[in-house]
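Colleague: This is the structure, below, for whatever I ask next.
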Amino acid sequence: ELTWHKEQTGQADPGARRLHASRAWKDGVLMFGGVQGAQLLADTWQWTKRQGWSLTVTDGPTARAAHALTTTVDPGTLLLFGGTTAEGDAQDAWLWTGSWRALCEPGTTCKTPPARSGHAMVFDAERKRVVLVGGASSGVALEDTWEWSLETGWNKRCGTPQADAAESRPPCGFGARF
């Protein structure tokens, strides 16, 4: 039987928030961003059973909410993509390995999915790919699926022709099983 209990958080505490992203990382959980009240957050917290919550770093991605965070082929590396920022929906990607690093360095051109928030990302261990599905951009639902790997970068797998007339990808039949 599974039962829930409240863990003691120690001295530091990230506080109540919503629309943040968190994933298992090493011997605990990593959490980034979200919203407190009406304030977008850009903080990175780690929780471990031994130490409770600790503010890990304060630099990295800009403040955002409704972004996605998932593991990669390297279990010590997480990938963050998109979300809603003060400027609107974002299309930037960041890698976490104990500190944040922009996947596309400033001043360079990288192929990425369109800006979005409210999307989902998972790691497909069998194919060694991160899979990004759906979301919305400026309130318009996105019906596309993208894959990412360190070797190949971002590649669109499917999407509706109406969403991207220049692409000749098949429409997406949403559903996932891992």
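The values are calculated or read from the model by the stated rules, or taken from the named source; none is laboratory data. Computed from a predicted structure; not experimentally measured. Counting neighbours? That spans all protein chains shown, and the Cβs are built from the backbone with ideal geometry, glycine included. For accessibility, only protein heavy atoms count, side chains too; no ligands or nucleic acids. Shrake-Rupley method; radii C 1.70, N 1.55, O 1.52, S 1.80 Å.
Colleague: Given a Förster radius of 25 Å and the C-beta distance between Thr62 and Arg157 as r, what FRET efficiency does 1/(1 + (r/R0)^6) yield to the nearest 0.05? Write out the running numbers ahead of the final one.
Modeller: Details: r = 28 Å, r/R0 = 1.10.
That pair, Thr62 with Arg157, gives E of 0.35.
Colleague: Hey, another quick one. Among Leu19, Leu41, what's the order by accessible area (1.4 angstrom probe), most exposed first?
Modeller: Greatest to least solvent exposure: Leu19, Leu41.
Colleague: Within a Cβ distance under 15 Å of Glu151, other residues only, what is the Lys/Arg minus Asp/Glu net charge?
Modeller: So the environment of Glu151 carries a net charge of +1.
Colleague: Sticking with this one: Long-range amide H contacts for Glu143: which residues qualify at under 5 Å (H placed 1.01 Å from N, peptide plane, sequence gap of 5 or more or a different chain)?
Modeller: Thr160
Colleague: Here is a further query. Cβ under 12 Å from Ala115's Cβ, Ala115 left aside: what net charge do those residues give with Lys, Arg +1 and Asp, Glu -1?
Modeller: Residues near Ala115 contribute -1 overall.
Colleague: Continuing with this model, one more query. Using packing as a proxy for protection, rank 57-65, 78-86 so that the peptide with the highest average count of other Cβ atoms within 10 Å comes first.
Modeller: Output ranking for 57-65, 78-86: 78-86, 57-65.
Colleague: Could you give each residue of segment 65-77 its phi-based ³J(HN,Hα) in whole Hz, using Karplus coefficients 6.51, -1.76, 1.60 with θ = phi - 60°, and x for Gly or Pro?
Modeller: Karplus values, whole Hz, x for Gly and Pro: 9, 6, 9, 10, 9, 8, 6, 10, 4, 8, x, x, 10.
Colleague: Any lysines with Cα under 28 Å of the Lys49 Cα? List them, leaving off those in the same chain fewer than 8 positions away.
Modeller: Once the sequence-local lysines are set aside, what remains near Lys49 is Lys6, Lys26.
Colleague: Quick one: net charge of Val130's neighbours, Cβ under 14 Å, K/R +1, D/E -1?
Modeller: Once all neighbours under 14 Å are counted, the net charge is +1.
Colleague: Ok, one more. To the nearest 20 debye, what is the magnitude of the charge dipole of segment 1-143 about its Cα centre, counting +1 on the Cβ of each Lys and Arg and -1 on the Cβ of each Asp and Glu?
Modeller: Numbers: 14 positive and 14 negative charges, 34 e Å.
That gives segment 1-143 a dipole magnitude of about 160 debye.
Colleague: What lysines sit close enough to Lys156 to cross-link, taking a C-alpha to C-alpha distance under 28 Å and skipping anything fewer than 8 places away on the same chain?
Modeller: Excluding near neighbours in sequence, the set is Lys111, Lys128.
Colleague: State the label only: which of (i) 0.95; (ii) 0.98; (iii) 1.30 corresponds to Rg/Rh (Cα atoms, Kirkwood Rh) computed from the shown model?
Modeller: Only one listed value fits the structure, namely (ii).
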